[in-house]
Amino acid sequence: MQTHEIRERFIKHFTNAGHTEVPSASLILDDPNLLFVNAGMVPFKPYFLGQQNPPFATATSIQKCVRTLDIEEVGITTRHNTFFQMAGNFSFGDYFKEGAIKHAWALLINSVADGGFGLDPDRLWVTVYTDDDEAAEIWEKKVGVPAERIQRLGMADNYWSMGVPGPCGPCSEIYYDRGPEHGKEGGPIVDDTRYIEIWNLVFMENERGEGIGKDNFEIVGPLPKKNIDTGMGVERVACILQDVENVYETDLLRPVIDEAERLTGATYGDNHTDNVRFRVIADHCRTGLMLMLDGVTPGNEGRGYILRRLLRRIIRSARLLGATGTTMERLMDTVRQTMTPSYPEIADNWERIRSVAVGEEKAFLKTLESGSQLFENAAAQAKSEGKSVVDGATAFSLHDTHGFPFDLTVEMANEAGMTVDEAGFHELMAEQKARAKADNNAKKMGHADQTIYRPFVDNHPTAFTGYTHIEDESAVLGIIKEGQLVDRVAAGDQAQIIVDRTPFYAEAGGQMADRGTFRGESGAADVTDVQKVGKKVWVHFATVTGGELAVGQKLTASVDDAWRHQARQAHSGTHLIHAALRDVLGPTAVQAGSMNRPGYLRFDFQYGDQLTAEQLSRIEDIANAAVDSDYKVNTIETSLEEARAMGAMALFGENYGDEVRVVEIGGPFSMELCGGIHVEHSSQIGPIAVLGESSVGSGVRRIEAYTGMDSFRFLSGGKNVVADLAANLKTPSEELPERIDALTAKLKAAEKQIQQMRNQQLLAGVGDLVAKAETIGGIKVVAVQLPEGVSAGDVRTMATDAKARFGSDAAVVFFTASDDGKVPFVAAVTDAAVDKGLKAGELVKTFGEKVGGRGGGKPAMAQGSGSDPAGIAAGLEAVKAMVEANG
Ligand code: SER
C-alpha cells in the first residue's frame, strides 16, 4: 500500500468517526521551545492546556514533523529520519482511553476492503504505563489482546511529555512483530527492532512542570480536561505494508536512492559506508525540500543553519559516492515527484525551492574544493607531528572562510581517524561573536531570564491600544532593573517597565518598536524600545528622565507623534514594495525578511539574480503609482483559513484556527497577514524612493527604500547635486551626462599625452646615463638610482632602452628607484656580458637582499621589488662588486 493511501485511509477512518480534519501546520510554529514542529500535537497545545477553546471536540491530522537532534545518526541506523509524518487523532475532553484504544485497533486490523490496514492482530503487541491498570484492562477485556502481549513500561517509555513544560500523561504504545528473523522473542520490552512501535496513544491528563528529560520532572497538576493525543508513524506503517526492511526502501525514499545511484555511479547495498551516504542523501533531500517549502532558507543560524547543514551533507555525500557534477536539481526533483501527491503546494513553490537548492549547491561546490584542500593539509600536518587532533583554528577557518559547518569538519576528521579541537573552535567562534556584538532585539530578550516575566504573562497580559491610540492612561504593574524586580526607579535609571495598557507598538513583523515617553505624577521616562514577551506582555525599555516611577503609579503613555507617523509610512511602504516586487518578478520572489523604521525600509526576498536597473525602476514606479492611487487601507480580523482563502500572503508562525489580521491595500493589490501599524490611505505614505538592491547571501536579495519626507529629502538632495554640477559645468542639467562623458574622455586623452611626454623625457635622460658608464673589469656598467617617483614600469622601459644603446658591447645596466615606499629594480645584461658569465637574475637577487625584497628573471633581463629604500646605495655597490668579481 502506497504511503499516500495510508494517509488517506487514516484520515477517512477518523472523519467517518466524526473527527474534524485539520491540515498539517507549517513546520515552523511560533514556539520558542521548538525549532521545528516535532509531533502531531504541537499545534493543539493551547487546547490541551485550556488556554484556548478548541473549535472541535475531536480532530485528526497528518502533521509534517522534523527532528534534527540526531542528524549524525541518519543512515547509520535505519530508524532515524529527520522528516516524518505523524498521523494522529485528538480528543479535547471528548472520548478518553477506551475510545482512543478502540479507534486505533479498528484501523489497524480492519480489512483493506473495509478501509483498514488489514494487519494480523496476532502480530500486534501493546505496552502500558506501569500502574495504568485501566488501559491494560481495556486492551485485554474490551479489545481482546491476550494478557501476555500487554507489557508494562516505566516513565521513560510510557509517560509522554514534550520534554519541556506543557501537557503530558501516561501512554500506551502499539508494536508490530516483524518476525523471528528480525530479533529475539519476548515482545517490545526485549527487542524494539523486531517489535517496531507504530502508534503511541497518549492519555493527556496532566501538566508537566520544569525538569529534565523524559522521567525527571514535576507534575504540576491535572489539565482542565482529559484529552487524547495519538501519533502513528506513517513511514513505519508504510514499511510494514510494503513489506520492506526499512524506511529507505519505501515508495517515498527509494526513488531518491535510485536517482543517486544514477548520478554517482555507485550502487546501494554494496557496503555500509556507501549505504550510509545514500541514506543521508535520501533523508536530507526530503527534509530539505519540506523545510524550503515552509519558507526556510539556508543561513548561518537557527533553522537556516540546519537547512544549510542538510544541503551540504547531501552535496558532500554525493561527491564521496563519486558524483563529479551537480546533483541537487535531479535529486530534489525526485523528491518533488514522490511528495507532491500528498503536498500539492510543492508544485506552486517548486521553482523557488529548486533555485534555492541549486544556488546553495553552486556556492558550496566552490568552497568545498578549497576547504577540503585546507583540511587535508592541516590533517596531514597534524599527523606528521604525531597528533590525531585537527586544531580549532583550522576548523574555524573552514567555517568562517569556506562556510563549512563545524559538524562537517568533525565528520571529515572522523573519516580520517581524527578528532577536532572543539573547545578551541568554540573559543574562536565566541571571540568572533563578541566582536560582532549582535545586539538584535530577539537576542536581547531571548537571553534574558524569562521566568521573571512569567507572572505577568500568566496574570497580566498587556492591553494594546496602539492601533487606535497614540496616548493612553496606564498603571505601572512591574519594574525590572538590572534583571531584578524593584518597586521604584529614579532619574538616570534604566529599567524595563510593564504597564496594564499601552499604545506603544512592540517590535514585531519587521516594524521597529515605537519611541515616546511615560509621564507620571512624580516622574517621567523616555521609552527607547519595546519588546513583547510570550506574545502577551509589552516590556518597555525606558530611561527615567526625572523624579521617580513606582509600581502602582498612574502615568500617561505617549508615543512620539512624528515617529509613529513615519513608522506607519515605512510599514505600509514595505507592503507596496512587496506587492510591486511580486508584480515584476513573479510569485517565486518570496519574502525572506523585512525591516522598517521611520523613513526607511528594507525588504529581503528570494531571487537568484541581480535585478536589472529596469526591473528596479518598474518596482519603484508601481509602488509610487499605488501611493498615488490613494488606496484605502483596510484591516480585517479573521481566521487563518479565511485569510488564506482571501488570497492573503501568509508568512510563518500562524496556526490553524488562529485569529489573524489581514492588511489590505487596494484590494487584491496587496493583502498580507500583518500585525503592524499602517496608514489609513496609501497617499499618506508619501513618495517611495528606491535606493538600490544588493545580495544578502545565496539566493536572497535586498531592496532598500526611503519613504515620506526622508524620500523627499533624498530625491531633493539629488536634485541639488545636479543643480550644483550644472552651475559649475555651465551646462543645462539635461545635457550633464553627455558633458561629463566628454570631460572624462578629454581627461583620459590628456593623461595619455602626459605619460607619453614623460616617457620621452625619461628616455632622453638615458643617453646621458649611458654616456657616463664606468668600466669595471672590462664591462661597461651603469648602476644608478633614478629620480624619485619613477615607477616600476618606467624603470623597466629605461633599462631596456639603455641596454639597447650599448649594442654589442659587454654591458650591465642596473636601474632602481624609490617610489612611494617601494623599491623597483631591473637588471639588463647585454649578450656579450652574459657570455662573460654575468646573469641579471643573480644581480637582482643580490640587490634584493639589501632592499628587503626579491626578484628574478632570465640572464639577460630580471626585475624585482623591495621595500627598504635605505638599502639602495649598498645594493648598487653590491651589484658593482659582483660585476667586478666576475671580471
Ligand atoms: N505526542 C505523541 C508523540 O509524539 C503522540 O502523538 O509520540
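The values are calculated or read from the model by the stated rules, or taken from the named source; none is laboratory data. Since we're looking at a predicted model, the values are computed, not measured. Methodologically, a virtual Cβ is constructed for each residue, glycine included, from the backbone with ideal geometry; neighbour enumeration extends over all protein chains shown. Just the protein is used for accessible areas: all its heavy atoms, side chains included, with ligands, DNA and RNA removed. Shrake-Rupley method; radii C 1.70, N 1.55, O 1.52, S 1.80 Å.
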Condition first: in contact (Cβ under 8 Å) with a residue 12 or more places away in the chain, exposed (fewer than 14 other Cβ atoms within 10 Å of the Cβ) and part of a loop (DSSP other than H, G, I, E, B). Now tell me which residues in the range 455-480 satisfy that. Tyr467
Considering only residues that are among the hydroxyl-bearing types (Ser, Thr, Tyr) and surrounded by 12 or more Cβ atoms within 10 Å (Cβ to Cβ), look in the range 717-769 and name the one that is nearest to Ala570 (Cα to Cα). Ser733
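Looking at Ala378, is it open to solvent by 40 Å² or more (accessible area, probe 1.4 Å), of a type outside the set (Ser, Thr, Tyr), out of contact with any His (no Cβ under 9 Å at 6 or more places or on another chain) and assigned to a helix (DSSP H, G or I)?
Values: open to solvent by 40 Å² or more (accessible area, probe 1.4 Å): no; of a type outside the set (Ser, Thr, Tyr): yes; out of contact with any His (no Cβ under 9 Å at 6 or more places or on another chain): yes; assigned to a helix (DSSP H, G or I): yes.
Against the criterion (open to solvent by 40 Å² or more (accessible area, probe 1.4 Å), of a type outside the set (Ser, Thr, Tyr), out of contact with any His (no Cβ under 9 Å at 6 or more places or on another chain) and assigned to a helix (DSSP H, G or I)), Ala378 does not qualify.
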Neighbours by Cβ (under 9 Å, 6+ apart or cross-chain): first from the range 345-367, at pLDDT 85 or above; second assigned to a helix (DSSP H, G or I) and surrounded by fewer than 19 Cβ atoms within 10 Å (Cβ to Cβ): Trp350/Asp333; Arg354/Glu329; Arg354/Asp333; Ala357/Glu329; Val358/Glu329; Glu361/Glu329; Leu365/Arg319
Qualifying residue in the range 672-680 (condition: in a strand (DSSP E or B) and touching a Lys or Arg at 6+ places or on another chain (Cβ under 8 Å)): yes
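From the residues in the range 28-39 that are assigned to a loop (DSSP other than H, G, I, E, B) and within 15 Å of the ligand (Cβ to nearest atom), which one is most open to solvent (accessible area, probe 1.4 Å)?
Looking at the filtered set, the residue picked out is Asn33.
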Of the residues that sit in the range 230-248 and are within 31 Å of the chain's Cα centre (by Cα) and assigned to a strand (DSSP E or B), which one is farthest from the ligand (Cβ to nearest atom)? Gly233
For the range 746-782, what are the residues that are of a type in the set (Asp, Glu) and assigned to a strand (DSSP E or B)? Glu774
If you go through Gly667, Gly692, Gly657, the only one that is modelled with pLDDT under 90 and within 30 Å of the chain's Cα centre (by Cα) is Gly657
Inside the range 40-79, the number of residues satisfying the requirement of being within 15 Å of the ligand (Cβ to nearest atom), under 24 Å from Ile314 (Cβ atoms) and not in a strand (DSSP E or B) is 3
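Would you confirm, using the coordinates I've provided, whether Ala626 is closer than 30 Å to Gly483 by Cβ, touching a residue at least 40 places away in the same chain (Cβ under 8 Å), of a type in the set (Gly, Ala, Ser) and open to solvent by less than 10 Å² (accessible area, probe 1.4 Å)?
no
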Take residues that are surrounded by fewer than 20 Cβ atoms within 10 Å (Cβ to Cβ) and away from the ligand (no atom under 11 Å from the Cβ) and tell me which of the strands (runs of 3 or more DSSP E) falling wholly in the range 156-229 contain 1 or more. 195-212
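For the range 111-126, indicate whether the set of residues that are within 16 Å of the ligand (Cβ to nearest atom) and surrounded by fewer than 17 Cβ atoms within 10 Å (Cβ to Cβ) is non-empty. Give the steps one after another, and end with the answer.
Applying the first criterion (within 16 Å of the ligand (Cβ to nearest atom)) to the range 111-126 yields 126.
Narrowing further to those that are surrounded by fewer than 17 Cβ atoms within 10 Å (Cβ to Cβ): none.
Looking through the range 111-126, none of the residues is within 16 Å of the ligand (Cβ to nearest atom) and surrounded by fewer than 17 Cβ atoms within 10 Å (Cβ to Cβ).
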Scan the range 80-104 for residues that are in a helix (DSSP H, G or I) and either within 16 Å of the ligand (Cβ to nearest atom) or modelled with pLDDT under 95 (or both) and jot them down. Lys97, Gly99, Ala100, Ile101, His103, Ala104
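Test Asn275 against the criterion of being more than 16 Å from the ligand (Cβ to nearest atom), more than 28 Å from Phe117 (Cα to Cα) and either of a type outside the set (Lys, Arg) or touching an Asp or Glu at 6+ places or on another chain (Cβ under 9 Å) (or both), and give yes or no. Working first, answer last.
Numbers: more than 16 Å from the ligand (Cβ to nearest atom): yes; more than 28 Å from Phe117 (Cα to Cα): yes; either of a type outside the set (Lys, Arg) or touching an Asp or Glu at 6+ places or on another chain (Cβ under 9 Å) (or both): yes.
So Asn275 fits the description; yes.
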Within the range 606-623, tally of residues that are assigned to a helix (DSSP H, G or I) and surrounded by 16 or more Cβ atoms within 10 Å (Cβ to Cβ): 7
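Report yes if some residue within the range 583-600 is part of a helix (DSSP H, G or I) and touching a residue at least 60 places away in the same chain (Cβ under 8 Å); otherwise report no. Lay out the reasoning, then the answer.
If we filter the range 583-600 for residues that are part of a helix (DSSP H, G or I), which is where we start, we get 583-585.
Keeping just the survivors that are touching a residue at least 60 places away in the same chain (Cβ under 8 Å) gives none.
Taking every residue of the range 583-600 in turn, none turns out to be part of a helix (DSSP H, G or I) and touching a residue at least 60 places away in the same chain (Cβ under 8 Å).
Tell me, which strands (runs of 3 or more DSSP E) lie completely within the range 804-887 with 3 or more residues that are out of contact with any Lys or Arg (no Cβ under 9 Å at 6 or more places or on another chain) and open to solvent by less than 40 Å² (accessible area, probe 1.4 Å)?
On the way: elements: 811-816, 823-829, 854-857, 861-866.
Per the criteria, no element qualifies.
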Search the range 318-331 for residues that are under 13 Å from Leu368 (Cα atoms) and without any contact (Cβ under 8 Å) to a residue 40 or more places away in the chain and pair each with any residue that is among the acidic types (Asp, Glu) and open to solvent by less than 10 Å² (accessible area, probe 1.4 Å) when their beta-carbon atoms are under 9 Å apart and the residues are at least 6 apart or on different chains. Thr326/Glu361
Residues of the range 127-140 classified as modelled with pLDDT of 95 or more, away from the ligand (no atom under 16 Å from the Cβ) and over 25 Å from Phe10 (Cα atoms), total: 3
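Can we say Tyr47 is crowded, with 22+ Cβ neighbours inside 10 Å and out of contact with any helix residue (DSSP H, G or I) (no Cβ under 7 Å at 6 or more places or on another chain)?
yes
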Which residues, taken from the range 249-274, are assigned to a helix (DSSP H, G or I) and not hydrophobic (A, V, I, L, M, F, W, C)? Glu249, Arg254, Pro255, Asp258, Glu259, Glu261, Arg262, Thr264, His272, Thr273, Asp274
Going residue by residue through the range 17-25, is there one that turns out to be over 27 Å from Asp283 (Cβ atoms) and within 16 Å of the ligand (Cβ to nearest atom)? yes
Output for Cβ contacts, cut-off 7 Å, separation at least six or different chains, first residue over 17 Å from Cys168 (Cβ atoms) and open to solvent by less than 30 Å² (accessible area, probe 1.4 Å) in the range 85-106, second more than 12 Å from the ligand (Cβ to nearest atom) and of a type in the set (Asp, Glu), reads Gln85/Glu235
Of all residues in the range 1-16 being in contact with a helix residue (DSSP H, G or I) (Cβ under 8 Å, 6 or more places away or on another chain) and open to solvent by less than 30 Å² (accessible area, probe 1.4 Å), the one that is farthest from the ligand (Cβ to nearest atom): Thr3
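Would it be correct to say that Asp192 is under 34 Å from the mean Cα position of the chain (by Cα) and among the charged types (D, E, K, R)? Steps first, answer last, please.
Details: under 34 Å from the mean Cα position of the chain (by Cα): no; among the charged types (D, E, K, R): yes.
No.
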